[in-house]
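As structure tokens, the structure follows; a few thoughts come after it.
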Amino acid sequence: MPDNTIRGRFAPSPSGRLHLGNMLTFLLAWLDVRARGGTMVFRLEDLDPERSWEHYADLMADDLLWLGLDWDEGWRPGSQDCRQGTRAQRYTAALDALTERGMVYDEFNSKQHEILTGVVTRIDPRTGNASLRIGTGTEATDALLLAGEQVKGETLVEGQRIKVYLVDVRRQSRGPQVVISRTHPGLVKRLFELEVPEIYDGTVEIRSIAREAGSRTKMAVWSNDENVDPIGACVGPHGQRVNSIVEELRGEKIDIIKYSDDPAEYIAAALAPADVVDVRLAEEGKACRVIVPDDQLSLAIGKEGQNARLAARLVGYKIDIKPESYKEEE
């Protein structure tokens, strides 16, 4: 057999299911052979004669769709399309599509939980969903920024460049689906990593983030160097660093507090800008009662409970806030 010819076969597993991994390995090998000008013979052998081709086609349906193929359109053995060579042509097209999709998938899969920059190409007037073009050249792909993943009050326009957070990449029949968000807390974290050198090099760590996108974010930071102020590093000279991020987030307020291993100290800091008189931790479970000055009760709770809600999510404790006068009545 010539060196540039490869023969292959697929046998089902004992359960009767064809393995996608084996099929893709075979197809990728074929790509390599084609690149060297060779040929490859593809056969399905050792299949249970008591089972129909349709049975195996059903098992492979999802795999074929990923390759851009449709079993009902000329893939049945002996069909006219097969006899006329259309099948081979479609295999070639499918392999080309597989290679391109695989490259796009791998490219974006390696960037999960990172920030990407995309260009708004269309706004759906009915749903508010925004279509984005992310990347350039052969590695570019389209992504859909759902209305629910957009910052509240933010108005997007066609041609606008925006930063998004890559939540996930999923394989779909028409190519990779890129799941992106502007509301994910990870977006704030990555923006600070880009803006603050001390976070990027690991001197300052972001320990926790609680966010209500478009309104307010609370972020707890910690320094591994006692000579570096973690809050000051994030704020930057004259507030330049944090202001740059606030501008990117269209005016979203950001509270930066210092993380502490002492739960009481950490909870008190999380309720800033309110002052805290005392923090009483529950004997069991992650709950506490916080005492604040009477004139700061509303500040500690925040508008519609936002400050208390974000503080509780930041520290992971259930927080019951009481005025100082409540303490005197006990």
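The values are calculated or read from the model by the stated rules, or taken from the named source; none is laboratory data. Just so it is clear, the structure is predicted and the values come from calculations on it, not from any experiment. Backbone-built Cβ (ideal geometry, glycine too); neighbour counts: all protein chains shown.
Determine whether Leu144 is farther than 30 Å from Asp229 by Cβ, in a strand (DSSP E or B) and modelled with pLDDT under 95.
Working: farther than 30 Å from Asp229 by Cβ: yes; in a strand (DSSP E or B): yes; modelled with pLDDT under 95: yes.
Taking the combined requirement at face value, the residue satisfies it.
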Which condition from (1) without any contact (Cβ under 8 Å) to a residue 24 or more places away in the chain; (2) surrounded by fewer than 16 Cβ atoms within 10 Å (Cβ to Cβ); (3) assigned to a helix (DSSP H, G or I) is the one that Arg280 breaks? (3)
Check on Tyr266, over 28 Å from Asp168 (Cα atoms), modelled with pLDDT of 95 or more, touching a Ser or Thr at 6+ places or on another chain (Cβ under 6 Å) and not charged (D, E, K, R): yes
Scanning the range 184-214 for residues that are at pLDDT 95 or above and hydroxyl-bearing (Ser, Thr, Tyr), the one nearest to Pro263 (Cα to Cα) turns out to be Ser208
Residue count for the range 283-292, restricted to those that are surrounded by fewer than 17 Cβ atoms within 10 Å (Cβ to Cβ) and assigned to a strand (DSSP E or B): 2
Name the pairs: first residue in the range 187-211 and at positive phi, second residue polar (S, T, N, Q) and in a loop (DSSP other than H, G, I, E, B), Cβ to Cβ under 9 Å, at least 6 apart or on different chains? Gly202/Asn224
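Kindly provide the set of residues from the range 288-315 that are within 31 Å of the chain's Cα centre (by Cα) and either at pLDDT below 95 or not aliphatic (A, V, I, L, M) (or both), ordered by number.
Within the range 288-315, the subset within 31 Å of the chain's Cα centre (by Cα) is 302-315.
Passing the criteria: Gly302, Lys303, Glu304, Gly305, Gln306, Asn307, Arg309, Arg313.
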Show the residue pairs meeting these rules: Cβ distance below 8 Å; 6+ apart or different chains; first residue within the range 293-322 and in a strand (DSSP E or B); second residue among the charged types (D, E, K, R) and surrounded by fewer than 16 Cβ atoms within 10 Å (Cβ to Cβ). Lys318/Lys286
